[in-house]
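Have a look at the structure below, then the notes.
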Amino acid sequence: MKFTPDLILDSFDALTVDLLKEKGIRYLILDVDNTLIPYEEDVPRPAVLAWLEELKAADIAVSFVTNNHRPRLLKFNEALKYPAFANSCKPFRRNMKKAMRAMGADREHTANMGDQIFTDTLAGRFLGIYTVLVPPIKDKRDPFTRFKRLLERPIKRAYYKKKEKKNNEK
Ligand SMILES: [Mg+2]
């Protein structure tokens, strides 16, 4: 299914250097809000910084692509200075493509990670890169978000079903 992510993890740092190497990923496009930081915060926590350092040490290029506005992204990226793109309107691919270009990335070795199927995962699928989904750090409780999560449910179920089938075949 077009919407199904390639991989679902429990949190951003479950995407380890070892796992990335196993999948042949050298370029990473990261969502910011609710993937790396909750909406209430604007700078990366030490755990995020430590994880990014590990990626850097392993020569894995990183970029940020967010649907949120530029001032928030600039603040988040202030000390990091990675290629970063705001107002991205994911699932549109435009800024994801820009991020790939900025990293010198090719599709085969690029992954994206985000917390939303209908923006992050779909953009990655449209682009033909490896897609990683994580649960939102702290989900909003407004009716629109709850409705979105409801729509995501069967897609997540399809992912786990497929995974189970794969495991049984091993
Ligand atoms: Mg997000």
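The values are calculated or read from the model by the stated rules, or taken from the named source; none is laboratory data. Bear in mind the structure is a predicted one, so any value in this text is a computation, not a measurement. Neighbour counts run over all protein chains shown; Cβ positions are idealised from the backbone, glycine included.
Restricting attention to region 10-49, the residues that are more than 16 Å from the ligand (Cβ to nearest atom) and in contact with a Lys or Arg (Cβ under 9 Å, 6 or more places away or on another chain) total 2. Among the criteria (1) in contact with a Gly (Cβ under 7 Å, 6 or more places away or on another chain); (2) among the acidic types (Asp, Glu); (3) more than 18 Å from Ala105 (Cβ to Cβ), the one Asp10 does not fulfil is (1). Here is the figure for region 63-73: residues that are within 26 Å of Glu22 (Cα to Cα) and in contact (Cβ under 8 Å) with a residue 40 or more places away in the chain total 2.
Taking region 50-69 as the range and being within 16 Å of the ligand (Cβ to nearest atom) and exposed (fewer than 13 other Cβ atoms within 10 Å of the Cβ) as the test, only His69 passes.
Restricting attention to region 74-110, the residues being more than 19 Å from Gly124 (Cβ to Cβ), touching a residue at least 24 places away in the same chain (Cβ under 8 Å) and assigned to a helix (DSSP H, G or I) number 2. When Ala99, Ala105 are screened for being surrounded by 13 or more Cβ atoms within 10 Å (Cβ to Cβ), at pLDDT 95 or above and farther than 24 Å from Pro135 by Cα, only Ala105 passes.
Taking region 111-157 as the range and being part of a loop (DSSP other than H, G, I, E, B) and of a type outside the set (A, V, I, L, M, F, W, C) as the test, the residues that pass are Asp115, Gln116, Gly128, Pro135, Pro136, Lys138, Asp139, Lys140, Arg141, Asp142.
Scanning region 19-33 for residues that are in a helix (DSSP H, G or I) and in contact (Cβ under 8 Å) with a residue 12 or more places away in the chain, we see that the one that is surrounded by the most Cβ atoms within 10 Å (Cβ to Cβ) is Leu20.
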